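The values are calculated or read from the model by the stated rules, or taken from the named source; none is laboratory data. Here the structure is a predicted model, which means the values were calculated and not measured. With ideal geometry, Cβ positions are generated from the backbone for all residues, glycine too; neighbour counts draw on all protein chains shown. Just so you know, the surface numbers come from the protein's heavy atoms only, side chains and all, with ligands and any DNA or RNA stripped out. Shrake-Rupley method; radii C 1.70, N 1.55, O 1.52, S 1.80 Å.
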Amino acid sequence: MSRSIVCTFLVLLLCAAAWAKGNPERTQFNRDIRVEVGEKTGDVTCINCSIYILGEAAGDVTAIHGNVVVENGASVAGDVTTVWGNVHLENGSKVAGDLTAVAGAVRREPQTSVSGDVTSLEGTKWLLAILVPPLVFFGLLVALVIWLLQRNRGPAPSPAYSGAGQSVNTRA
């Protein structure tokens with residue numbers, strides 16, 4: 001059985017590597033991503049860092065706690081999304097999808113092209129409005145489960161002995 005698991009894992013790993021060569025995606029943590037002039041990439045994801053597009057992104061561009069800058073002459077074929085960060089589009093840049101900034105701002109120069117919707121939810125209140133309700137719901141659900149478990153537990157059994165080693169007569 002362990003051979004079949006290892007073989008399955010290797011096949012999946014090789015398939016993922018072969019697929020990545022045709023459409024290279026870039027993901028980074030805590031280090032900025034730069035798509036240089038003449039470079040083409042797929043989806044670009046950055047957590048706790050910023051993304052600078054000078055070339056072409058064939059997929060979506062997403063930054064969490066970071067900024068996205070689409071520079072002059074650059075293009076993004078998918079959506080551009082930032083959470084807790086800003087989006088800046090320079091003159092001559094193109095975005096074929098939607099442009100969204102949650103808890104951040106969208107700055108567009110006049111000569112930019114965005115084919116989809118542009119949404120900017122500036123300020124951290126939007127981030128709180130998105131995150132707090134599910135957390136409150138989960139907390140109430142945990143409190144309900146604890147209350148139900150304690151309620152159904154019933155009274156604790158009385159001890160058979162009391163005092164200093166003397167038995168209690170429970171027969172009547």
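Of all residue pairs spaced 6 or more apart or on separate chains, those with beta-carbon atoms under 7 Å, a first member in region 83-101 that is within 19 Å of LEU127 (Cβ to Cβ) and among the polar types (S, T, N, Q) and a second member that is assigned to a strand (DSSP E or B) and open to solvent by less than 10 Å² (accessible area, probe 1.4 Å) are ASN86/ALA101. Those residues that are over 23 Å from ALA129 (Cα atoms) and touching a Phe, Trp or Tyr at 6+ places or on another chain (Cβ under 6 Å), I need them from region 59-105; list them, please. Correct list: VAL69 only. Residue-level analysis places ALA156 among those that are more than 25 Å from PRO24 (Cα to Cα) and either at pLDDT below 95 or polar (S, T, N, Q) (or both). Only residues that are open to solvent by less than 30 Å² (accessible area, probe 1.4 Å), of a type in the set (Val, Ile, Thr) and within 17 Å of ILE64 (Cβ to Cβ) were counted across region 77-133, and they come to 5. Residues of region 58-76 that are among the polar types (S, T, N, Q), open to solvent by less than 60 Å² (accessible area, probe 1.4 Å) and either over 13 Å from CYS46 (Cα atoms) or more than 21 Å from the chain's Cα centre (by Cα) (or both): SER75 alone.
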